[in-house]
1. What is the order of H292, H163, fewest Cβ neighbours within 10 Å to most?
2. Using only Cα atoms, find the angle between the long axis of helix 74-88 and the longest principal axis of the chain, and express it within 0 to 90 degrees, rounded to the nearest 10.
3. Using only the alpha-carbon atoms, how far is helix 22-36 inclined from the longest principal axis of the chain? Give it as 0 to 90 degrees, nearest 10.
4. Based on the Cβ-Cβ distance of R188 and N144, what FRET efficiency does E = 1/(1 + (r/R0)^6) give at R0 = 41 Å, to the nearest 0.05?
5. Treat every Asp and Glu Cβ in the chain as -1 and every Lys and Arg Cβ as +1, leave all other atoms uncharged, and give the resulting dipole magnitude about the Cα centre to the nearest 20 debye.
6. Please state the relative contact order of the stretch 1-139 as a whole percent: Cα pairs under 8 Å, 6+ residues apart?
7. Taking only Cα atoms, what is the 0 to 90° angle, nearest 10, from helix 147-156's long axis to the longest principal axis of the chain?
8. Taking the dipole about the Cα centre of the chain, with the C-beta of Lys and Arg at +1 and of Asp and Glu at -1, give me whichever of V287, V30, N273 is farthest to the positive side.
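Any read-out appearing in this document is the output of simple, stated calculations on the displayed coordinates, not a laboratory observation. Everything quoted here is computed from the prediction, not taken from an experiment. Backbone-built Cβ (ideal geometry, glycine too); neighbour counts: all protein chains shown.
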Amino acid sequence: MKSMITMHIGFDDTDSPKMGCTTYVAALLVVKLHQIGASFTDYPNLIRLNPNVPWKTRGNGALCLRIRCNEELVEEIMETTIDTVEKNADLSYAGTDPGIVFFFNNIPDELRTFAKRTIQGIVKMKEALKLVKMFGAEAVGFKNGRGIIGGLAAIGETLEKDHTYEVITYRTPKNRGTPRRIQASSIREMNEKTLPLTFNNVDPETDRILITPRGPDPILYGIRGENPKAVKQAHEIVHSQEPIERWVIFRTNHGTDAHLRRINSISEIQPFNPVVVQGDLAKEPEVIPGGHVIFTIKDENGKVDCAAYEPTGTLRKVAKKLIAGDLIEAYGGVRQASSKHPVTINLEKIRILKLAPKISFFNPKCPHCSKRMKSMGKEKGFRCDKCGFRSSKLKKVAVKNKRVLKKGLYITSQRSQRHLTKPILRYGREKANAPKKMIVNWHFP
C-alpha cells in the first residue's frame, strides 16, 4: 500500500488585463483534485504579493492548494495542474508568464522568509529556483516562468497569523465581458446584516458597490470577511441576476497590512517597496491639479514626498489639514523617481503622532482705544487710525489656534483601499493562528 503525503501546489501569473484570473484556475483545480482523490488540508490560500511591483496584472495574487493524497496519485495531480494552468492562462499576452511549484511535506523557515520578502519587497527568479532545488521541489514555467516566484511565495506564506477569508463567485463563459447583473439592494442588505464580520462591501461615502470587479475577468463578485461562515452567509444573501458557474471560499492575507514593513529611517526607503516610516512635516501640504495633496516629511537622515491622491477621499482631506512640524507615520508603497517627480510614498494610511501648535499672528490692539492697529511698514511699528496713537515698541500678538485634527490613525476611503490594506473595522480582530478545521461545503461544485 502506498503512503499518504502532503503536497503544496503554488501557481501564479496566469491572467492578463483582458482575460483570466488565477483564482479561477484554483477553483477549477479544487474540483479536479477532489475527483482524483486528494483531500484538502486548508482552504485554497490566496496570497497577495507586493502590490507595488511594476509588472503585476491587477491584484498580484498567487495561489496555493494544500492537499493530502496517496503517493501514487502525485503524477496525475501534477499533470492535471499543469494542463489546467496551460489551458486557462492567457499565454498570448506578452506579460503573462505562468509558473507552478510542487512542494512536498513541511514548509521550511527559509521558504517562509522568502514569502515574506516577496510580499514586502522584490525578489529575483534565481532566489526562487535556488530554494526549489534546495528542498527537492518541482517547478514548471511557461515562457519566462516568472510565476514560479509567486507560486513559491504562496506556498511559503502559510497564514499562521492574521488572515481573512473571501468567497469568490464566477460567471459563466457567455456572460464574461458583459455588465455584471446583481441586485444592488441585496448587496446593501448583506452589508447591513453581516458587518463587521464582512468588510469593504459598500463605500459609505459614495454608496458605491465594492464587491464587483469592473474588468473582463471571470469573477462575478467577492465578499471578504473574518471567518468562512460569515462570508458564506453573506454570499447566500446576495441575489445574482445571472447564473453562477462556481464559487470557492479562500483563506487569504487580504486586509492584514502584510505588505507594509516598518523602517527606521527615510534613508532606507527603496522604490516599489511598501513601508511605514516616521517623519516631521517639512512644510505645508500643497494641493496640485487633480486635487491630489503632496507634502514632504523629514528625519535626521533625509526627506521624502508623500502623496494622498484625490481618490483616497478621507485620507486626502486629513493630509490637507497637516501643518509643518506635525510628526506622522506614513504608510504606503514607494513610487520610483521620474523626470517629473521625486521618490514618493503613495499613501494608504497616516498615523498622526504629534500635532504642532498652529500659531496665528495679529497686529496689537491700541492700548488707548482697543482698536486693532495697522502696521507702518517693516520694523516701523504700528499706528491707530482711530485715535492716532503710534508705537515702535509694540509687537504682533501670537494666538494659538485649535487644531481640527486629532492624533490617531487615518485610512484611505474604502473605495480606494488596496487588497492588502487593513480597514479600520479589522483593528482588534487580528488572528493569532490558523483554523483547526474547515467548514463543510466550502465550494461549489
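1. Least to most surrounded, the residues fall as H292, H163.
2. So the helix axis and the longest Cα principal axis differ by about 50 degrees.
3. 30 degrees
4. Efficiency, from the Cβ-Cβ distance: 0.40.
5. 3660 debye
6. Details: 207 pairs, mean separation 49.4, N = 139.
Result for the stretch 1-139 is 36 percent.
7. 90 degrees
8. Result: V287, furthest along the dipole toward the positive end.
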